[in-house]
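Here is the structure we will look at, set down as structure tokens.
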Amino acid sequence: MNPASLPPIPFSRPDIGDEEIAEVVATLRSGWLTSGPRVKEFEARFAAMLGEGVTALAVNSATAGLHLALEALGLGPGDEVITSTLTFTATAEVVRYLGAEPVFVDVDPVTLNLAPAAVEAAITPRTRMIMPVHYAGLPCDMDALAAIAARHGLRIVEDAAHALPARHRGRLVGTLDSDATVFSFYANKTMTTGEGGMLVTRDPAIARRAAVMRLHGIDRDAYDRFRTPGAAWYYEVVAPGFKYNLTDLAASVGLHQLAKVEAFRAGRERLARRYAELLAGLPLTLPADADPSAGGLHSWHLYPVRLHAGARLTRDALFAALAERGIGCSVHYVPLHRQPYWRDRYGLRAEDFPVAEAAYQGLLSLPLYHLMRDDEQDRVAAALRTLLG
Ligand SMILES: *Cc1c(COP(=O)(O)O)cnc(C)c1O
């Protein structure tokens, strides 16, 4: 068969089971649609899965969760936050929401995670915080980052949008040495609620402030008031908060996705190992794995390969040729130092980010999700072999 006539292989494919659908229908019939019993249950199960005494606060996106965490830590104008240039713009935009300034640094050539030495070199008297991003689901060197934070009195908020579930030295991301961690349930993440996120913290002050700011700065939510006999109508506004709560409809999906999140990960891990075999010998740098002997665990949210400079095709030509064959890929990410807003605001120059620049020229994320069949993966590998071999 002509490869063009084969069914397309999408970049991402969410796995929504009958349980999710039945729960959404039950929620619709229950009469309680916004944040209520299912959000409470979702938060309780999420916190129980992580353990270590974390509090989990469901929000309507990871972007919202990051904003709440930074707000709760008192970030404000004049403050600087060090983060990776190789991330989604949401990581940095929340810093600007609060009038503070992100400071972008280069990544490690092996992991593509925030390079600790680059973090330390970027510290100024205005630095308040480090925001590590666990790129593709491979945990950052959190020991090194925590040591830097301790030495300089900095806070850490982890952008863990890719990292559920992932482990660093045997501990789950979400329970590491940071002030708060935020996960994403966007449609293509490791589990989904359509849109959604979870802020987790062990700091009761952060949890209290974020819970209030999540819902208009009101001291108790509608469901609490609904369950309280007596003056159910009374509430107090203590701050100009935001509208960041998750709906019970979304939590209905999340409850069942959460129960499957490790099975999804195991499926992706099997496929990632298979990619490594199928793509051996091609002019591609394959993504680094976590070191299991050191207690590392990769979530395998993404499978970003790096095309070598001397290959027969450029990354853009390879992307187009794969698209012609019905294979959906993506690029994570155009580094933020190249994005007009960030580049122009801070006068950023490509030569100051040599590792991210070199990576970006060849970066290509291949499709990876546990519903991907082996014959689909074989087609991706065969196409790469034909195009690059
Ligand atoms: C997806 C993503 C976000 C934002 O998540 P939302 O839930 O869509 O707000 C933030 N950071 C990174 C690295 C992401 O991949």
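The values are calculated or read from the model by the stated rules, or taken from the named source; none is laboratory data. Keep in mind that what you see is a predicted model, and the values were worked out from it rather than measured. Cβ coordinates were reconstructed from backbone atoms using ideal geometry, including for glycine residues, and neighbour counts include every protein chain displayed. Each accessible area value is taken on the protein alone, full model and side chains, heavy atoms only, with ligands, DNA and RNA left out. Shrake-Rupley method; radii C 1.70, N 1.55, O 1.52, S 1.80 Å.
For region 1-107, the solvent-accessible area works out to 40 Å² per residue, with a probe of 1.4 Å and every protein chain left in place. Taking a ≥ b ≥ c as the square roots of the Cα gyration tensor eigenvalues, with a/c under 1.5 meaning rounded and otherwise prolate when a/b beats b/c, else oblate, which class fits region 147-236? Because a/c hits 1.5 or more and a/b fails to exceed b/c, region 147-236 counts as oblate. On full extension, the segment bounded by T228 and E262 gains 8.5 nm, given 0.36 nm per residue less the C-alpha separation. Extension gain for R274 to A117 (0.36 nm times residue separation, less C-alpha to C-alpha distance): 53.2 nm.
Counting only lysines at least 8 places from K243 when in the same chain, those with an alpha carbon closer than 21 Å to its own are K40.
Computed packing ranks the peptides 141-151, 305-315 as 141-151, 305-315, most packed first, by mean other Cβ atoms within 10 Å. I need the shape label for region 47-189. Rule: rounded when a/c is under 1.5, else prolate if a/b > b/c, else oblate, with a, b, c from the alpha carbon gyration tensor. Judged from the Cα gyration tensor, region 47-189 comes out rounded (a/c under 1.5).
Whats the longest run of the chain with zero GluC sites (Glu not before Pro) that are DSSP loop and have at most 16 other Cβ atoms within 10 Å? Answer - 53-235.
Label sites at R208 and V331, each approximated as a point 7 angstrom past Cα along Cα to Cβ, lie 4.8 nm apart.
The fraction of accessible area contributed by carbon and sulfur in the chain is 57 percent, rounded to a whole number (1.4 Å probe; ligands and nucleic acids excluded). Classify the chain: rounded, prolate or oblate, from the alpha-carbon gyration tensor (a ≥ b ≥ c, eigenvalue square roots; a/c under 1.5 rounded; otherwise prolate if a/b is larger than b/c)? Oblate. The listed peptides 334-347, 360-373, 198-211, ordered by packing as a protection proxy, come out as 198-211, 360-373, 334-347 (highest mean of other Cβ atoms within 10 Å first).
Multiplying the residue separation of A382 and D316 by 0.36 nm and removing their Cα-Cα distance gives an extension gain of 21.9 nm. The loop-placed trypsin sites (Lys or Arg not before Pro) in region 7-99, going by DSSP, include none that has at most 11 neighbouring Cβ atoms within 10 Å of its Cβ.
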